[in-house]
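> This is the structure, below, for whatever I ask next.
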Amino acid sequence: MSTFQIDFGEARRSKVVGIDLGTTNSLVAYMDLTGPEIIADSEGRRIVPSVVSLTTDGNLVAGEPARELLLTSPERTVYSVKRLMGKGADDVKDEVKLFPFRIDPESTGVIKLKLGDRTLTPPEISAAVLKQLKENAETALDAVVEQAVITVPAYFNDAQRQATKDAGRLAGLEVLRLVNEPTAASLAYGLDKRQDGVIAVYDFGGGTFDISILRLHDGIFEVLATNGDTHLGGDDIDNLLLRIALEDLASEWKTDLSTDAEGVQRLRRAVIRAKEELSFVPETKLAFDYKGQHYQRALDRAIFERLIAPIVERTLEPCRACLKDAAHTPEQIDEVVMVGGSTRIPLVRAAVERLFKSKPHTELNPDEVVALGAAVQAGILSGDVEDKLLLDVTPLSLGIETMGGVVSKLIHRNSTIPASATEQFTTAVDGQRNVLIHVLQGERELVKDCRSLARFDLKEIAPMPAGFARIDVRLLIDANGILNVTARDARTGKEQSVEVKPSYGLTEDQVEAMIRESIEKGEEDLRERQVREARVEADNILAATEKAQRSDAWNDLSEPERQDVESAKRGLIAAYHGSDHRVINEKLEALNQATHTLAENMMNTAVRGALRGTKID
Ligand code: ADP
Ligand code: MG
């Protein structure tokens, strides 16, 4: 009798984490028995820079090691990839001019970045950061981490949300929910415990500024409005100080450091260190040693504040616009929440306090609050925390193209989600059988000024005189902000629906292919599949060639032409049983070339035959 081995080992626990996937920095947190906690890496670092680098031995590294490589191999290192998520190559033409890394010139639609000898999409790069966070969490919690809540800016559109989900999948994480960053920050502060109130979330990070106004009603969050500036953040302060330091250096060292990429990066770091210190102390030194030379400047807060005042001022206009959109005065705002590392700057705090006429929340670390809130949401979804209802808002209107290239809006901007809307449309032509449903996003009236999200056909509707058909189109945005569109012929009940795949996003197949490629062992499978596919192709062309050889067309070939075909055939047959799909494909191509004239002859014969069979009445 055979016995089975029994594994008495306890299954590793599985945990759901919350992730803030930021433009500059990313963090992972989880829900402890006492509350949400940030998870540090094995060296105690709580913040993972959102930087990814391809090392010279071909490994993708993320976080602090990648940030180091920004100094020595900037052309193989990517930062701020969040700006490229869900965007098409055309969308980011201006943006990429500022980056040291290159966009693959052949990338159309989905952007591909060229790092060394590899081309990678933005979700693949974000996935490297997520993998690092997943690994940190698994080590720290001694648990399996396969599910996560990830935060996104409230203004992220469908394509950007999809791309974020793709990144999660590529990192081996099931994304249970995408949560808007301001909502997460409010959760971290436990503001849901209030009964009612209006909350402003002011998020001033590394490269972006966002302001959101949320309403809390019976413990339910509702985002009333969002605004911001996608190119305003701590980076602008750094650039300002960097420019001054470079000029200063030029006169002191009599050298132009600005053409020395590594020198500039190192000086940038020194500038950032000084800036961050000034949030805590009234004066500091900007010190910089490079190639044996030494530079030092005293910097005090008064000078610093004078320099950055215009930058801080630029955050206030979006705040006023957001208040207006939400139809609230500053006095009607009950709580202000500060998010983002740059809100540590005392001048920023003072400006916000003045505008909203109340003291903002700064008790939690502003660069950690979003991750903490994501962990709270993770706790809710994993059943560790009592359920709360979260409502978010859609940042742009959604509609359908109607006659004359006009957009009919179904769901208006700043509607709370989940949201759905149905509208009835009709046909324009007598007996029309198909209706093209074209889904658009944006605030403008004309199709050409809005962003195209999807097109599909509702086929075989009941033929009717123009204007008589009744087509119900329903748009539904789920809790993740992902759009579902259904079109239904009201007479026949025939229905067609799509989950909107953003025009610039990745297709299901592409994501599958990337997952396959990202699993080391999967490489073999992939090779095997490529060989099989090449063989199927070879079978087809060999069969076609043999068929042609039995036809009259074969006899029309010259002797050398026939020998070419025979030799190409032998070549393909020899490669057929090999294990390199590239060789098979090469021989396939050769046979294709050799049979070119033969194929043409066949075609002519076929055409002649067909003409002979045609009857003309
Ligand atoms: P993001 O949300 O864009 O990923 P963070 O919220 O982590 O970014 O903010 C990063 C920015 O915060 C950087 O520009 C960083 O220099 C800045 N920052 C961090 N700490 C301080 C500080 N003590 N004083 C001023 N700025 C700070
Ligand atoms: Mg952030």
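> Do we have residue 241 as away from ligand 1 (no atom under 14 Å from the Cβ) and either within 18 Å of residue 20 (Cβ to Cβ) or in a helix (DSSP H, G or I) (or both) here? Break it down stepwise before answering.
Numbers: away from ligand 1 (no atom under 14 Å from the Cβ): no; either within 18 Å of residue 20 (Cβ to Cβ) or in a helix (DSSP H, G or I) (or both): yes.
In short, no.
> Sticking with this structure for a sec: Take residue 384 and decide whether it is more than 16 Å from ligand 2 (Cβ to nearest atom), more than 24 Å from the chain's Cα centre (by Cα) and either buried (at least 19 other Cβ atoms within 10 Å of the Cβ) or at pLDDT below 95 (or both).
On the way: more than 16 Å from ligand 2 (Cβ to nearest atom): yes; more than 24 Å from the chain's Cα centre (by Cα): yes; either buried (at least 19 other Cβ atoms within 10 Å of the Cβ) or at pLDDT below 95 (or both): yes.
So residue 384 passes the test.
> Still on this structure, I have one more. Can you report the number of residues in region 328-354 which are more than 16 Å from ligand 2 (Cβ to nearest atom), in contact with a helix residue (DSSP H, G or I) (Cβ under 6 Å, 6 or more places away or on another chain) and in a helix (DSSP H, G or I)?
Adding up the residues that qualify gives 3.
Conditions tested, residue by residue: (1) at pLDDT below 95; (2) more than 27 Å from residue 265 (Cα to Cα); (3) not hydroxyl-bearing (Ser, Thr, Tyr).
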{"site": "8", "(1), (2), (3)": "yes, yes, yes"}
{"site": "18", "(1), (2), (3)": "no, yes, yes"}
{"site": "22", "(1), (2), (3)": "no, no, yes"}
{"site": "46", "(1), (2), (3)": "no, no, yes"}
{"site": "52", "(1), (2), (3)": "no, no, yes"}
{"site": "61", "(1), (2), (3)": "no, no, yes"}
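> Now for a different question. May I ask you to list the residues in region 163-178 that are surrounded by 21 or more Cβ atoms within 10 Å (Cβ to Cβ) and either of a type in the set (A, V, I, L, M) or at pLDDT below 90 (or both)?
The answer is 163, 167, 170, 171, 173, 178.
> Also, quick follow-up: Could you pull out the residue among 151, 183 that is within 14 Å of ligand 2 (Cβ to nearest atom), modelled with pLDDT of 95 or more and closer than 21 Å to residue 31 by Cβ?
Numbers: 183 fails: modelled with pLDDT of 95 or more.
Sole residue among the options that is within 14 Å of ligand 2 (Cβ to nearest atom), modelled with pLDDT of 95 or more and closer than 21 Å to residue 31 by Cβ: 151.
> Tell me yes or no: at least one residue of region 179-199 is open to solvent by 10 Å² or more (accessible area, probe 1.4 Å), part of a loop (DSSP other than H, G, I, E, B), of a type in the set (D, E, K, R) and touching a strand residue (DSSP E or B) at 6+ places or on another chain (Cβ under 8 Å).
Yes, some residue in region 179-199 is open to solvent by 10 Å² or more (accessible area, probe 1.4 Å), part of a loop (DSSP other than H, G, I, E, B), of a type in the set (D, E, K, R) and touching a strand residue (DSSP E or B) at 6+ places or on another chain (Cβ under 8 Å).
> If you don't mind, there's one more thing I want to ask. Which one of these is more than 16 Å from ligand 2 (Cβ to nearest atom) and part of a strand (DSSP E or B): 273, 215? So that I can check it myself, show each step before the final result.
On the way: 273 fails: part of a strand (DSSP E or B).
One residue alone meets the criteria, 215.
> A further question follows. Among residues belonging to region 338-353 that are in contact (Cβ under 8 Å) with a residue 12 or more places away in the chain and small (Gly, Ala, Ser), point out the one that is farthest from ligand 1 (Cβ to nearest atom).
This residue is 351.
> Sticking with this structure for a sec: Go over the candidates 612, 550 one by one and state the one that is at pLDDT 85 or above and of a type in the set (Lys, Arg).
On the way: 612 fails: at pLDDT 85 or above.
Only one candidate qualifies: 550.
> Right, something else. Taking region 355-381 on its own, how many of its residues are away from ligand 1 (no atom under 13 Å from the Cβ) and open to solvent by 50 Å² or more (accessible area, probe 1.4 Å)?
So the count comes out to 4.
> While we're here: Only strands (runs of 3 or more DSSP E) wholly contained in region 21-82 count here; list those with 2 or more residues that are in the same structural domain as residue 125 (by TED's automatic domain parsing) and more than 15 Å from ligand 1 (Cβ to nearest atom). Don't jump to the end; show me each part of the working.
Values: elements: 25-31, 36-38, 51-54, 60-62, 77-79.
By residue number, 25-31, 36-38, 51-54, 60-62.
> Considering region 446-484 alone, what residues qualify as being more than 24 Å from residue 154 (Cβ to Cβ) and in a loop (DSSP other than H, G, I, E, B)?
If the condition is that a residue be more than 24 Å from residue 154 (Cβ to Cβ) and in a loop (DSSP other than H, G, I, E, B), then 459, 460, 461, 462, 463, 464, 465, 466, 467, 468, 469, 470 are the ones that fit.
> Among the residues of region 200-212, which ones are within 14 Å of ligand 1 (Cβ to nearest atom) and either within 11 Å of residue 332 (Cα to Cα) or outside any strand (DSSP E or B) (or both)?
205, 206, 207, 208
> Please verify whether residue 107 is surrounded by fewer than 19 Cβ atoms within 10 Å (Cβ to Cβ), modelled with pLDDT under 95 and either more than 29 Å from residue 145 (Cβ to Cβ) or not assigned by TED's automatic domain parsing to the domain that holds residue 166 (or both), treating the condition exactly as stated. Full working, then the answer.
Working: surrounded by fewer than 19 Cβ atoms within 10 Å (Cβ to Cβ): yes; modelled with pLDDT under 95: yes; either more than 29 Å from residue 145 (Cβ to Cβ) or not assigned by TED's automatic domain parsing to the domain that holds residue 166 (or both): yes.
Against the criterion (surrounded by fewer than 19 Cβ atoms within 10 Å (Cβ to Cβ), modelled with pLDDT under 95 and either more than 29 Å from residue 145 (Cβ to Cβ) or not assigned by TED's automatic domain parsing to the domain that holds residue 166 (or both)), residue 107 qualifies.
> Being more than 10 Å from the chain's Cα centre (by Cα), farther than 25 Å from residue 61 by Cβ and either of a type in the set (A, V, I, L, M) or not assigned by TED's automatic domain parsing to the domain that holds residue 215 (or both) is the filter here, so list the residues in region 150-192 that pass it.
Hits for region 150-192 are 154, 176, 178, 179, 184, 185, 187, 188, 191.
> Hey, does region 267-288 have a residue that's of a type outside the set (Asp, Glu), buried (at least 16 other Cβ atoms within 10 Å of the Cβ) and more than 16 Å from ligand 1 (Cβ to nearest atom)?
Among the residues of region 267-288, at least one is of a type outside the set (Asp, Glu), buried (at least 16 other Cβ atoms within 10 Å of the Cβ) and more than 16 Å from ligand 1 (Cβ to nearest atom), which makes the answer yes.
> Please verify whether residue 315 is within 16 Å of ligand 2 (Cβ to nearest atom) and open to solvent by less than 30 Å² (accessible area, probe 1.4 Å), treating the condition exactly as stated. Before you say what the answer is, go through the steps one by one.
Values: within 16 Å of ligand 2 (Cβ to nearest atom): yes; open to solvent by less than 30 Å² (accessible area, probe 1.4 Å): yes.
When the stated conditions are applied, residue 315 passes them.
> I'd like the full set of residues that are within 16 Å of ligand 2 (Cβ to nearest atom), of a type in the set (Asp, Glu) and surrounded by fewer than 20 Cβ atoms within 10 Å (Cβ to Cβ), limited to region 218-237.
Across region 218-237, the qualifying residues are 229, 236.
> Can you pull out every residue in region 186-212 that is away from ligand 2 (no atom under 16 Å from the Cβ) and of a type in the set (Asp, Glu)?
Correct list: 192, 196.
Here is a yes/no grid of residues against (1) more than 24 Å from the chain's Cα centre (by Cα); (2) within 16 Å of ligand 2 (Cβ to nearest atom); (3) under 21 Å from residue 136 (Cβ atoms):
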residue	(1), (2), (3)
25	no, yes, yes
40	yes, no, yes
48	no, yes, yes
55	no, no, yes
65	no, no, yes
75	no, no, no
83	no, yes, no
88	no, no, no
92	no, no, no
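The values are calculated or read from the model by the stated rules, or taken from the named source; none is laboratory data. Note that this is a predicted model, so its numbers are computed, not measured. Positions of Cβ are generated from backbone atoms using ideal geometry, with glycine treated the same way; all protein chains shown enter the neighbour counts. Ligands, DNA and RNA are stripped out before the accessible areas are found, and what is left, the full protein with its side chains, is counted by its heavy atoms. Shrake-Rupley method; radii C 1.70, N 1.55, O 1.52, S 1.80 Å.
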